[in-house]
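Some notes on the structure that comes next.
The values are calculated or read from the model by the stated rules, or taken from the named source; none is laboratory data. Note that this is a predicted model, so its numbers are computed, not measured. Glycine gets a Cβ as well: all are built from the backbone with ideal geometry, and neighbour counts include every protein chain shown.
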Amino acid sequence: MAISLITDQNAIASSHALVRAIAKLCRRVWSLEFTWVPRQTNRPVDSLAKHVPPDDLCLLMFDQPPCYTADLLYRDVHGPPYCKARTG
């Protein structure tokens with residue numbers, strides 16, 4: 001849903017300020033592509049997103065990965081791959 005919001009031709013007139021800001025960036029002259037990555041296959045990033053308060057829009061930069069991502073990063077590099085088990 002998020003990708004469709006920002007790629008919609010009327011995104012520039014969205015009621016959401018973030019969608020309008022992204023739409024303005026997308027209209028600049030550069031090559032841009034959005035790729036959806038399932039949360040289950042990108043757990044280190046999902047973990048980072050969950051540790052930031054939802055109303056905090058500041059840029060955070062780390063010299064070293066936060067300690068709560070260490071196990072996830074190790075698994076991301078060395079495996080086994082993340083997969084969602086199907087039932088039924």
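Computed quantities for the displayed model
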| read-out | value |
| --- | --- |
| Qualifying residue in region 53-66 (condition: in a helix (DSSP H, G or I) and surrounded by 13 or more Cβ atoms within 10 Å (Cβ to Cβ)) | no |
| Verdict on Ala2 being of a type in the set (Gly, Ala, Ser) and surrounded by 14 or more Cβ atoms within 10 Å (Cβ to Cβ) | no |
| Filtered residue count, region 14-45, keeping only those that are in contact with a Phe, Trp or Tyr (Cβ under 8 Å, 6 or more places away or on another chain) and modelled with pLDDT under 85 | 2 |
| Among the candidates Trp30, Trp36, residue that is free of Cβ contacts under 8 Å to residues at least 24 places away in the same chain and either on the phi > 0 side of the Ramachandran plot or among the aromatic types (Phe, Trp, Tyr) (or both) | Trp30 |
| Region 22-52, residues that are over 14 Å from the mean Cα position of the chain (by Cα), surrounded by fewer than 12 Cβ atoms within 10 Å (Cβ to Cβ) and part of a helix (DSSP H, G or I) | Lys24, Leu25 |
